[in-house]
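Laboratory data are not the source of any read-out in this text; all were calculated from the coordinates shown. As the structure is a prediction and not an experimental result, all values here were calculated from the model. Using ideal geometry, Cβ is built from the backbone for each residue, glycine included, and neighbour counts are taken over all protein chains shown.
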Amino acid sequence: MCFVLFAVLAVAVQLGWAQALDVRLMLEIGRYRPAWATPLMRAASVIGSGAVEIPVGLLLSFRLAMIRRRSEAAGYASAVLSGWALYGLAKYAFQRARPRVIPRLMRGAGWYSFPSGHSTLAPLVFGLGALIWAAPWPRRRRIALLATAAAVSLLIAYSRVYLGLHWPSDAVGGLLLGTGWAGMWVWWWERAGEGGKVEREKGGEGGEGGVGE
């Protein structure tokens, strides 16, 4: 579903249908940027940068491997790194220019605008990471961590618009792409786990037969 919504949004961006709404939303956000909120948004933007998110993802993968959750570690690292490459390819494909609607409150805007790389990586690094790390936890603690990860991802996405570095549709597109990519990896892991379980059961049956003989 996320990929379908991303495709619809991408078409709207490419055809210019989203431009008027993007400009209107940015102007509204630009009218209310209180001094106390700006440091918070800058911090969120730094946390959402690849320079922070990629090392965090790799460190979490390393920690998972250290506690003997190696398949999850490898899958999580693969999801994060492939997501990093995915948004780069998407940026190059769409080649949307960065906004110049409201004053930028932070330096460091990169190349093309759509989709936001910060917003794409956030659901993968924090959302998927929380989902994997908290899998053995009790339900309430797991939900609390996932809600926190979702809030962090939304804050990172909003910060990019607030700081004047991305169009709103860039942030939304990034969240959709990252969430869809994370969901695809979860689906793949579940399928792989079911296949592995079947193979183990077959092997167990064969092993029992061999011992009986």
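Tabulated values for the structure
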{"read-out": "Long-range Cα-Cα pairs in the range 15-60 (distance over 14 Å), rounded percent", "value": "68 percent"}
{"read-out": "The range 61-114-the range 1-24 distance, computed between alpha-carbon centres (Å)", "value": "20 Å"}
{"read-out": "Furthest towards positive pole of dipole, 36, 188, 80, structure part the chain, Cβ charges", "value": "36"}
{"read-out": "Calculated [θ] (222 nm, deg cm²/dmol) that DSSP helices of n ≥ 4 give over the chain, each run adding -39,500 (n - 2.57)", "value": "-25000 deg cm²/dmol"}
{"read-out": "Cα point-scatterer Debye curve for the range 68-161, base-10 log of I(q)/I(0) at q = 0.11, 0.25 Å⁻¹", "value": "-0.41, -1.25"}
{"read-out": "3J(HN,Hα) from dihedral phi, the range 125-142, Karplus parametrisation 6.51/-1.76/1.60, rounded to Hz, x for glycine, proline", "value": "5, 8, x, 5, x, 5, 4, 6, 4, 8, 3, x, 6, x, 4, 5, 5, 5"}
{"read-out": "Sparsely packed chymotrypsin sites (Phe, Trp or Tyr not before Pro) within the range 1-82, loop by DSSP, other Cβ within 10 Å at most 14", "value": "17, 32, 36"}
{"read-out": "Debye, to nearest 20: dipole size of the range 23-105, +1 on Lys, Arg Cβ, -1 on Asp, Glu Cβ", "value": "220 debye"}
{"read-out": "Charge-dipole axis of the range 38-187 as Lys and Arg at +1 and Asp and Glu at -1 on Cβ define it, positive-most pick from 89, 45, 120", "value": "45"}
{"read-out": "Long-range HN-HN contacts of residue 96 with modeled amide H, under 5 Å", "value": "113, 114"}
{"read-out": "Viscosity 1.002 mPa s, temperature 20 °C, Stokes-Einstein D of the chain from Kirkwood C-alpha radius, µm²/s", "value": "115 µm²/s"}
{"read-out": "The range 38-187, relative contact order in percent, only Cα pairs under 8 angstrom and at least six apart counted", "value": "32 percent"}
{"read-out": "Hydrodynamic radius (Kirkwood) for the range 34-76, which is based on Cα pairs only, to one decimal in Å", "value": "11.8 Å"}
{"read-out": "Trypsin sites (Lys or Arg not before Pro) lying in DSSP loop within the range 70-143, provided at most 16 other Cβ fall within 10 Å", "value": "100, 104, 107"}
{"read-out": "Dipole in debye (nearest 20) - the range 38-187, about Cα centre, beta carbon charges: Lys, Arg +1; Asp, Glu -1", "value": "240 debye"}
{"read-out": "Residue list for the range 152-174, given a label point 7 angstrom along the Cα-to-Cβ vector of residue 24 and an amide N cut-off under 17 Å", "value": "167-170"}
{"read-out": "Projected area averaged over orientations for the range 1-100, convex hull of C-alpha atoms, nm²", "value": "8.9 nm²"}
